[in-house]
1. Go through region 47-75 and give me each residue that's surrounded by fewer than 23 Cβ atoms within 10 Å (Cβ to Cβ), among the small types (Gly, Ala, Ser) and on the phi < 0 side of the Ramachandran plot.
2. Quick one: which helices (runs of 4 or more DSSP H) lie wholly within region 79-176 and hold at least 2 residues that are of a type in the set (Gly, Ala, Ser) and in contact (Cβ under 8 Å) with a residue 24 or more places away in the chain?
3. Give all pairs with beta carbons closer than 9 Å in which a residue from region 261-277 that is farther than 11 Å from LEU361 by Cα and among the charged types (D, E, K, R) meets a residue that is away from the ligand (no atom under 11 Å from the Cβ) and in a helix (DSSP H, G or I); count only pairs at least 6 apart in sequence or on separate chains.
4. Is there a residue being under 22 Å from GLN268 (Cβ atoms), under 24 Å from the mean Cα position of the chain (by Cα) and in a helix (DSSP H, G or I) anywhere in region 303-324?
5. Has region 268-289 got any residue that is among the aromatic types (Phe, Trp, Tyr) and within 10 Å of the ligand (Cβ to nearest atom)?
6. For region 180-194, indicate whether the set of residues that are within 30 Å of LEU348 (Cα to Cα) and of a type in the set (Val, Ile, Thr) is non-empty.
7. Pairs needed: first member in region 313-340, under 23 Å from LYS499 (Cβ atoms); second member anywhere, acidic (Asp, Glu) and part of a strand (DSSP E or B); C-beta distance under 8 Å; at least 6 residues apart or different chains.
8. Conditions first: (1) buried (at least 17 other Cβ atoms within 10 Å of the Cβ); (2) farther than 28 Å from GLY444 by Cα. GLU87 passes all but one, so which condition is the exception?
Amino acid sequence: MAQLVETPATTPPRIGKQGDPCVMVIFGAAGDLTGRKLIPALYNLARAGLLSREFAVVGVARAKMSDEDFKKKVHEDVKEFCDDCTEDDLWEWFQRRFYYFAGDFNDDKLYPQLKDYLAKVDQDHSTHQNFFYYLATAPSFFGPIVEKLSTCGLMEQGNGQNSSHWRRVIIEKPFGHDLESAKSLNQQLLKVADETQVYRIDHYLGKETVQNILAFRFANGIFEPVWNRRYIDHVQISVAETVGVEGRGSYFDHAGSLRDMVPNHIMQLISLTAMEPPISFDANAVRDEQAKILHAIQPMSDEEVLSRTIRGQYGEGTAEGKRVPAYRAEEDVPADSRTETFVAMKLLIDNWRWADVPFYLRTGKRMPVRNTHIVIQFRRAPFVLFRDTPVEHLMPNQLVLHIQPEEGISLQFAAKVPGPVMRLGTVDMNFEYQEYFGKQPSTGYERLLHDCMIGDQTLFQRADMVEAGWSVVSPILDIWKALPPRNFPNYASGTWGPKEADELLERDGRRWRNFEK
Ligand code: BG6
């Protein structure tokens, strides 16, 4: 096995605490997520000097591969998915830490063998018996893998003076497919592990711009005083994608956009936008406030589901300049599928800050542009002093948090149009991340993996948060199941979804803000 080598000279000075010594065990090491995200994220962490020298990776998957084959695959992934990966010294340092262990996750015999194998890797790399398991597998394996790890002692932590070590598990999404299944997965996990060992990942929390919502709100004095029902008219959250189902038809057709995006990613965006200031940035203080918001979302009655939620499915059309097929013509999708690829809804939050302020959400595949943003629309000025400018002709102030692909913040306000007469126009004041901070190589998983290595759970979902997210969508799932849609497909690829989504806001005298790029 490999000898320890020093952090290479090419590694830049690190900003932040180095990860603890540990072994990362990746279940599903031959899969897409590992290649596209996890390996590049580890490489970027190595490049930033944030991996411990005492670190190793053991990939576990069913495919037969030698360590050398695995390293070759890892090298391909780094070359394909990391920007500027020409540092030979760094690669040399990195690749010495990779091992591969072939096996079937369902096989009970795998686990004692893996335990012996990990003991050797641990010794060779002095990783202090700290192990974290990343479950990049199909969701049906989540519970069984953790149970089997526990049965052979691989979840046991040591708290003694001479044998202190940790064991953690990172669980990918989807965490359950409804409230009941999410609860039962939580029970299964928490039977054999403590909540502090369970890291439920939501990759939206790895995005810089999502984390910046907290900094924006709570590190500045000027926004919080107006961040409430007195000044805010409504909030819009849009997660628009141009892609279709990208070869994931069999997964997606069972999930649909509601399950795929709302209880997880969109709930994160809502809770960060709407939460009260936490008493500290301690993981539980932040998550307590997020959980409170999720619990405060008004559950919908059957009638409200019918009037406040919209579902859609794309037909054929044009995406990014090319003709694309209808959802029902995608691979692994039944020709009469009733699965939604678009969702819009209006939610209300029952608390003093947000009473009567609608939160409109929408997410869809095959939209005209890829764009995730949060629009905070302020109330109009109560009256306008300028002659010939009726108040209803003035655009209200909007603050937009641009999450992706543009990363930044913009504020829209009224200004005088130059000229001899007093006319008002709407202008934008823009902040762009890249302009100020440059571009950091990032997959969005760096921070999350590093947090797991240092034991910081702030950006991971707690059991109660996951369940609260599912509670919001449960009544919708029930009604939609009972009343299958009759008009699918109801929007053309390359458009902003069904017209009913526009009507949802028009009924309230409002309008979606659509970005062109
Ligand atoms: C995933 C969903 O969780 O998030 C996908 O399963 C979706 O369907 C993806 O495309 C969106 O992530 P991002 O980071 O591209 O916005």
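The values are calculated or read from the model by the stated rules, or taken from the named source; none is laboratory data. From a predicted model like this one, the values you see are computed outputs, not experimental measurements. In this analysis, Cβ positions are derived from the backbone assuming ideal geometry, glycine residues included, and neighbour counts consider all displayed protein chains.
1. If the condition is that a residue be surrounded by fewer than 23 Cβ atoms within 10 Å (Cβ to Cβ), among the small types (Gly, Ala, Ser) and on the phi < 0 side of the Ramachandran plot, then ALA48, SER52, ALA61, ALA63, SER66 are the ones that fit.
2. Helices (runs of 4 or more DSSP H) meeting the threshold: 142-151.
3. GLU276/GLU289; GLU276/LYS292; GLU276/ILE293
4. For region 303-324, residues under 22 Å from GLN268 (Cβ atoms), under 24 Å from the mean Cα position of the chain (by Cα) and in a helix (DSSP H, G or I): absent.
5. no
6. Checking region 180-194: not a single residue is within 30 Å of LEU348 (Cα to Cα) and of a type in the set (Val, Ile, Thr).
7. ARG323/GLU316; VAL324/GLU316; PRO325/GLU316; ALA326/GLU316; ALA329/GLU316
8. (2)
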